[in-house]
1. Residue 139: within 30 Å of residue 236 (Cα to Cα), open to solvent by 30 Å² or more (accessible area, probe 1.4 Å) and part of a helix (DSSP H, G or I), yes or no?
2. Out of the residues in region 684-699 that are aliphatic (A, V, I, L, M) and over 14 Å from residue 748 (Cβ atoms), which is surrounded by the most Cβ atoms within 10 Å (Cβ to Cβ)?
3. How about region 196-212: which of its residues are part of a helix (DSSP H, G or I) and surrounded by fewer than 22 Cβ atoms within 10 Å (Cβ to Cβ)?
4. Considering only region 176-193, I want to know if a residue exists there that is open to solvent by 80 Å² or more (accessible area, probe 1.4 Å) and part of a strand (DSSP E or B).
5. In region 700-714, how many are open to solvent by less than 10 Å² (accessible area, probe 1.4 Å) and assigned to a helix (DSSP H, G or I)?
6. I'm trying to understand the selection: among the residues of region 32-54, which are assigned to a helix (DSSP H, G or I) and open to solvent by 50 Å² or more (accessible area, probe 1.4 Å)?
7. Given the conditions (1) part of a helix (DSSP H, G or I); (2) closer than 30 Å to residue 212 by Cβ; (3) of a type in the set (Gly, Ala, Ser), report the number of the one that residue 721 does not fulfil.
8. Can you confirm whether residue 128 is touching a helix residue (DSSP H, G or I) at 6+ places or on another chain (Cβ under 6 Å) and not hydrophobic (A, V, I, L, M, F, W, C)?
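The values are calculated or read from the model by the stated rules, or taken from the named source; none is laboratory data. Keep in mind the model is a prediction, meaning the values are calculated, not measured. As a convention, Cβ positions derive from the backbone with ideal geometry for all residues, glycine included, and neighbour counts pool all protein chains shown. Note: areas computed on protein heavy atoms with side chains; ligands, DNA, RNA excluded. Shrake-Rupley method; radii C 1.70, N 1.55, O 1.52, S 1.80 Å.
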Amino acid sequence: LSSWCAVPAIIYTLLFTQMGFGETIYYSLSNQFQNDSSYLGGILLVSAFFFYILDIDEWDSPTGRMVCTLISSAMFLAFVLLVMLVSNDYPYGTISLFALVNPLWLLVVKCTFYRQLDTRMFVSWLSGPLLLTSFLTAVSFVAWVAADEGNQWNIVTRVQGAERTGCSPDYEYYPDCEDYYGSGETCFYIDSSGGSSVLTFPDGCDQMCTNVYNDCSNGMVLWAGPVLMCMAMLFLSFFCTFLRTEGTSEQDIFNFGKIWIFALCIMWGSASLSGTSAGVVASLVTLTLASLVASAIFLSASYSKSEVKYNKEAIVARIVEKFGDSIDIARGLFVVTCSPIFIAYLGLSMINQLVRRIGINPCSQPAIDSSASPKNYDILTVRANKHVARVKSWDRARVFTYAVYWGLAYMVLQVIVAKLTVVFLSWVIESTEDYGLAAVTFIMAAVGLTMFLLPPVPGVPVYLVLGIVLTAQGYASYGWVFTVFFSTFVGLGLKLLSNILQQKFIGENLSHYVKVRQFVNVNSTLMRATRLVLGKSGFSVPKSAILIGGPDWPTSVLCGILRLSLCQVLIGTLPVIFLIFPTCLTGALLYLESLETDNGNPEIPWAGSAAAITIAFTVLVQTGSMLVAVYYLEQAAEQRKEEVDAIEIDREVKEADDRDEHWRKCYATITQWRTIPTVLKAVLLCSVGSITASCYLVNLFSTSCFVYHDLTDSIEENLKGNVTNLFLPLGWVAVGLFCISGICLGIFSSWGERKANKLSEGDNVTPILSESVLS
């Protein structure tokens, strides 16, 4: 079985990585045939359109199923080819394709050689072989990098990779870097006449001109392909372990939900490392999403249609019972992420319904529900009508409000704060380059402590900058090994000191306010389970996982609000050194990677390769701690329920909740969708539409919204000395939409609160009956 698992990895390594013939194949596909991609894409879109419109997936006859299989196979092969053809513009497509094709290949192996074996059992067997294949791939990659200096990742190999893959240099911000003749070539070139490849910069050609290849991720994806494959196989192996234990099919689907939590943890960990120069961060996010789809393929293949239908109903019932009103929060996330897709689906549904009503396709599904009147046609299909009816059953004002909150939080944390934090820290790095180690240590302690006290700022960027700045100052005198351990010690000290300030001076002072304790919901099962886990004396894996994996400021302040022992919290926090050390090491390697000789070539060629690997390892450490924290909190809430229930509730918060319940009923009554004035509905929809558009812009067109800027870049050179140059015109549009969304939400919320206050002055308020969720 391990051999079958290794086949996709071997093929991908040979065809799509630098360890094999990736550069040759990449160049041939993406350049010689790239013009054909638009035709192929058009054909694929038209085919998918008619596949849906003609209900081909619903053809039940033997001939119909055969036609459906052939068309589906042809469309899938066309999609694979399209991804390869556009790999020059979308370099992460090929590795995402590997994550999708790998489970399909394993299912083919199952159907061919393990036909008598239950699919669920077969999937559960794959965990070990996938883990072994991932390990062997990693070992092979490390050996390949160490075997030849030309296999390392540095500025020389980055330029070579960009040129060999046909990535065009961008002269928009570096117009003087084009050669004298205006041929489109760079003013610098690579000289290999001396046996080793070196960059050569003629007179008048600045060494900063290598930045014209900043947007070329092609070479990085080819070089780091084996690392990304390891991540994809680890993800799939992790999923398969959930099917090893005996349990119901329903439990398996809930386990898949935990995989989604794992994916969100990876993306959060990756985002914390924004500003690093390696392309591993963006690759991990893309690969995670593709791996989620791959896991869904395995899950869906493990059950029959009847099992899926039964499990769906069981899952819905469990969600309603377990989470209740919190479902609206998840619905809000669905709205802000999937509403454009849902609108497109409704448009296609209208066309599909028109085809059904005309009757031009005898194999189409019925245009009306079997229980409806023959004349009762709708503009949408029966299935789409059910989906629309389900959305209409929601408390739409509440769901849309949560959708805006999700979007605003994303823009603040992952776009505005993250990018401005990188710019600020790059300024700190640039400003302290002329100071000694002692002075810089003091400055970084003050800056780091200040940033730790800001709620949205994670700790990882602070550790990264410590590794960069302290290595820069101490490298010449003490060597990089000493400075890595020194920066780790400083980072640990800052973390513990910030914990003291956050818990004792912020959290415990806030704990005196009932509104604060009410806001964090101290009487909830989650908070009481958190208190149970964190209240344990000494070291424990669950306790340390929560203190390390949780967001820095909120976790420490929450400990103060819960009045936990400071000494025990600090003891539980000490294992954070296993996160700080690889992060500081990554920072040190990024600095070493930036060192150049007088002629513009890398002084330490291996530093870039090591930095890319340690970035991935840092993400895994942070992700692992987050995942373990989520797991143990759930275990405490479910398996230690009696202990959780025995924790005394906060009486003041309970009384405040009871008093506010009347006002919440008033607000729910006022904001029922059918009673909201049309103008206010338009205001709320404008808020949702604006924040959704803003999130889509910064995700799909990130390079058109922001100038790429990492921690080792100079603000003077990269942003022309002006921080606002970080935002390109489309980026300002995204920020403008973000502001419009916030203003519109403020208008709607103010109207709702004013009306609710007026209504609450009465003696009686008709309660809003709970509508069926997910019906």
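1. yes
2. First pass over region 684-699, keeping only residues aliphatic (A, V, I, L, M): 684-685, 688, 691, 693, 697-698.
Filter again for over 14 Å from residue 748 (Cβ atoms), leaving 693, 697-698.
Values: 693: 18, 697: 20, 698: 24.
Across region 684-699, the extreme among qualifying residues is 698.
3. 207, 208, 209, 211
4. To start, the set of residues in region 176-193 that are open to solvent by 80 Å² or more (accessible area, probe 1.4 Å) comprises 176, 180-181, 185, 189, 193.
Narrowing further to those that are part of a strand (DSSP E or B): 189.
Yes, some residue in region 176-193 is open to solvent by 80 Å² or more (accessible area, probe 1.4 Å) and part of a strand (DSSP E or B).
5. Result for region 700-714: 1.
6. Going residue by residue through region 32-54, those that are assigned to a helix (DSSP H, G or I) are 32, 36-53.
Within region 32-54, 32, 36, 38, 39, 43, 45, 46, 49, 50, 52 qualify.
7. Evaluating residue 721 over (1) part of a helix (DSSP H, G or I); (2) closer than 30 Å to residue 212 by Cβ; (3) of a type in the set (Gly, Ala, Ser) leaves (1) as the failure.
8. On the way: touching a helix residue (DSSP H, G or I) at 6+ places or on another chain (Cβ under 6 Å): no; not hydrophobic (A, V, I, L, M, F, W, C): yes.
Spelling it out, it is not the case that residue 128 is touching a helix residue (DSSP H, G or I) at 6+ places or on another chain (Cβ under 6 Å) and not hydrophobic (A, V, I, L, M, F, W, C).
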